[in-house]
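Every number here is computed from the coordinates shown, using simple stated rules; none is lab data. Computed from a prediction, not measured in an experiment: that's the story for all the values here. For neighbour counting, all protein chains shown are included, and Cβ atoms are generated from backbone atoms with ideal geometry for every residue, glycine included.
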Amino acid sequence: MTSARTSRSSRHRTPRFWAKMLAAPLLIAGVAACTTPFQADVSRFQTQLPAPQGNTFAVVAEDPAMQGGLEFSQYAGYVAQEMSRLGYTQAASPETADLLVSFDYGVDNGRERVRTTPGVGAGFYDPWGPWYGGYFGRRSFYRGGWGYGFYDPYFGGPDVRSYTVYTSGIDMKIDNRTTGERLFEGKAEAVSTSNRLQHLVPNLVDAMFTDFPGNSGEVLRISIAPDDGDKTVKRLD
């Protein structure tokens, strides 16, 4: 087993994600900390998915070593809930399902960033820039990723701060079990200051199923409000 795989397995066994894409700026003069929405960039490709009526599905791990694990089972449950909400019926076993939904998830080891804020009353825009590799670098999924920036309304300064940002992502595929035909491929990736997958994965799944199955080939930025769950969708060219 490679070192990368060992690192990945250890990440799957640590507490993880509810991703709210959080910028927690320090505000002076009694101004409260500001929380920004969770943001994920979602790309989806599809042929014609069958109508939900009468079709069954099963969620399976893309990595067979994860199948049956308690953590995977919890995250697979979020996917199953979304499939059921669409009208598909969960099968008793993968062997009897019409559709096989393969699922993978992860978070990288993080990158250190240093941010310097300007003087009184000025905001600072910190572009985190493009990310390459990330957690899924060992697969064909996510050889590159998306980056985010945030507007940080500091008062006072200048101030220099070091922090860690993490790239998390999920990968989902849907196949016709009988014919083996690939019907859907989707990827969602987010950058945040949290590496807790038990918080991140539900949000990534939520983003993946927003306006599902979407238009084949388009990339959307899904923003989810941390308090009420309201969503905004922006197409990325």
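A few notes on this one:
- Convex hull of Cα atoms in the range 156-234, direction-averaged projection (nm²): 8.0 nm²
- Net charge over other residues, Cβ less than 13 angstrom from the Cβ of residue 82 (K, R count +1; D, E count -1): -1
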